[in-house]
1. Counting only residues that are over 26 Å from residue 125 (Cα atoms) and β-branched (Val, Ile, Thr), give me the strands (runs of 3 or more DSSP E) lying completely in the range 164-270 with at least 3 of them.
2. So, in the range 580-604, of the ones that are surrounded by fewer than 18 Cβ atoms within 10 Å (Cβ to Cβ) and of a type outside the set (S, T, N, Q), which residue ends up nearest to residue 695 (Cα to Cα)?
3. Failed condition for residue 263, given (1) within 27 Å of the chain's Cα centre (by Cα); (2) farther than 26 Å from residue 462 by Cα; (3) among the small types (Gly, Ala, Ser), with all others met?
4. Please note which helices (runs of 4 or more DSSP H) are completely contained in the range 29-133 and include at least 3 residues that are out of contact with any Gly (no Cβ under 7 Å at 6 or more places or on another chain), at pLDDT 90 or above and on the phi < 0 side of the Ramachandran plot.
5. Looking for something over 30 Å from residue 97 (Cβ atoms), outside the structural domain of residue 155 (by TED's automatic domain parsing) and touching a strand residue (DSSP E or B) at 6+ places or on another chain (Cβ under 7 Å) - is there at least one such residue anywhere in the range 252-268?
6. All but one of (1) touching a residue at least 60 places away in the same chain (Cβ under 8 Å); (2) surrounded by fewer than 16 Cβ atoms within 10 Å (Cβ to Cβ) hold for residue 139; which doesn't?
7. Take the residues in the range 170-189 that are in contact (Cβ under 8 Å) with a residue 40 or more places away in the chain and surrounded by 14 or more Cβ atoms within 10 Å (Cβ to Cβ), then tell me which one is farthest from residue 232 (Cα to Cα).
Amino acid sequence: MTIIGMLHHRLDPKTVIKSYAYAAVARAEGAQFFYFTPKSVNFEDRTIKGKVYEEGQWQEKVMPFPDVIYNAGSPEKLAVSKWIIEKLKKEIPFTTYSIGNKWNVMERLKEAKEFASYLIPTDTVRNVGAFHKFIDTYEKVVFKPIDGRKGKGIYFISKNESAFEVRKDSENTSYSKSELNELLSEQLSTGTFIMQPYIQSMMKSGQVFDFRLHVQKNGEGKWVVTTIYPRVAPKGSIIPNINNGGFTNYLDPFLEQEFKEEAYNIRRILEHFSLSLARHLDEIQMLKFGEVIDEIGIDVGLDEHQKIWIYEVNWRPGCPPAFYLELDVVLHTIQYAIYIAKNQEHIKNEIVERKNKHLVAKSDLPIIAITGSAGKTTSKAFLASILSKKWNIFESKDYWNTTEHTKKHAEEINASHEAVVLEYGMAYPGIITNHCRIIQPNISVVTNIGLAHVGNFDGDIRKVALAKSELIHGMDQNGLLVVNKDDENSKYLSMKQFKGEILTVGIHSEADYRAYGIRYKNNGMSFKMKLKGRVISLYIPILGEHHVYNALNAIAVADQLGFTPREIKAGLNFKKPPRRLTVYNCRDQITVIDDTVHSHPQGVKAAIDVLSNIGKNRKIAIIGQMRELGELREEEYRKVGEYVSEQGIDLLITYGFRTEEIGAAAKAIGMNQSNIYHFINKEELHALLEKIVSRDDTILVKGASKTNMFDTVKFLDQTFKA
């Protein structure tokens, strides 16, 4: 049984109302719980004179040292017993550690840069003169104590032509400059104050609001959102803090009322932001102090452009103003305490790993991550081939793009590597965020936004783009980002807050790296582009205009890393990933095109383009089922069928559940029914091929790995072997 000790500065647990809830939940979770103060600790016999809640009352008992300590007291009031607490920390794990006051937190975030763009400019008020310089710049200013809590002691000061308006709580007072100086001097004599420009979140009713984001670690040691709730100031007030008369509401109704159709996206953004910031602060705590944190409350506002601004970050925030949520807070705390007690070795190892990764990240090592609905593996292969011409690189294996793979890569990257090239796959929201948490890239490529996995996103391409944007949010915010200028859906990527350099690639649009004069060549593509101020001709040994985009992604990154046109040209002659438009030359001039790794509408059309361009006589398309299209399946199957007919494909063979819809669409716009076939049995499909394939045919086999369409490629290659 895990023993949890609750450390507090007050002698009597009856004066700490939440101690009852912690005692009750600990018992329900199978842990033993007691309450104690620093002076009750006996280091000689490793016992503590504590209070245990039994039979409806607190009873004094001598307890052994606990397995874990929940540090619940005021840091200021516990400071008198600092030596006791420091000695306990060396022997017993604590659930929580102070992340410092508001100023320290903001300074850490500013220094780490990743969240710097969300910070309101903040300065300590050294003297009255410094305050006036600040208000001259911003005109409306918040003046508040550096260690303030519960909205106490906050002044809102605005400058008019001849006077200053000072608002505290709900009272407005006009001050002359000399009167204001007297007020400021009086406050500064009581402690340290900070000042910020006043950025206001306003409801349609004109009332001020903000959001409290409350996040904790759970029983698995993972950050979770306990709650997000709006806090609304009373009419006439500009302080939404609950302790100052503010009130709260449920999140969803509030968002729907204030933001209408944007409500869902704002909720997801707030959730993503709160977890990302918690993980970021946890990482900083590990790197700076070798400690982990367990709970924070983040107060944020949204300006008129829906940009998030961090008002403040609170270590160990108060419980949400709802009883059932208070129990959620207690439950997470107790479960996490049990996790801490049982996983100390794992946590220590994680801190060491984070520090090692940070040392790698601090160097100039290019860490390149590639995501997108199509082209990840090929872009990665092109880039790795170019960089390897003069560097020792770490390249992820083809199709190794899950978070589990990224964890393995993190273990394998070492000091000998001069660059890292990875692909980050994604089928659901949050996955790319996890990739970036394991290995944060400083260079990122988003190849395109297509319909792969769109069924997992309610059929909404914008939600796919939002999930892909996790790479932009999760990378080094001062790094390099490459995007596709020609891809219509890439406009939905969330790039506004990114502070680094954004480069574009394109063929049909003006772009930083643009290819033109594209031609199909023997087993590949040729094109021209301007590089280093001169026009060069390039060749890639893979078919399809879409692969020119993949080459451009690699060229853009390599050029930025200082590779010469000669090195880039040599590197483009790469080892092609298997089953990516691989051509088999069979007997009787029969050609088989194998594209059987992934299948989605965009990729199918690209493969049909290749078939249309290299097929010299009869062109046969064998198309397998496309998965995870959800409600868009019928519409996208129809578009593919129409495209097959428009491109003049001679025979269409579909395989798998509902793929007959592709053939029906092709027929509807003019393709002869006698040239359309559908199968759900592969042996019957192969029997037909044995009968109808003839000299000079070009056959495309397109399908995802899960449909095993490669079986058909093998059948054709063996049946018509040269």
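The values are calculated or read from the model by the stated rules, or taken from the named source; none is laboratory data. Keep in mind that what you see is a predicted model, and the values were worked out from it rather than measured. No Cβ is skipped: glycine too gets one built from the backbone with ideal geometry, and neighbour counts run over all protein chains shown.
1. It comes to 223-232.
2. For the range 580-604, the residue satisfying everything is 588.
3. Just one mismatch for residue 263, condition (2).
4. Fully inside the range 29-133 and qualifying: 82-91.
5. Yes, the range 252-268 has at least one match.
6. Failed condition: (1).
7. Checking each candidate, the answer is 181.
Each row is one residue, and each column tells you yes or no for (1) assigned by TED's automatic domain parsing to the domain that holds residue 283; (2) under 15 Å from residue 474 (Cβ atoms); (3) of a type in the set (Ser, Thr, Tyr).
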residue: 385; (1), (2), (3): no, no, yes
residue: 390; (1), (2), (3): no, no, no
residue: 402; (1), (2), (3): no, no, yes
residue: 410; (1), (2), (3): no, yes, no
residue: 427; (1), (2), (3): no, no, no
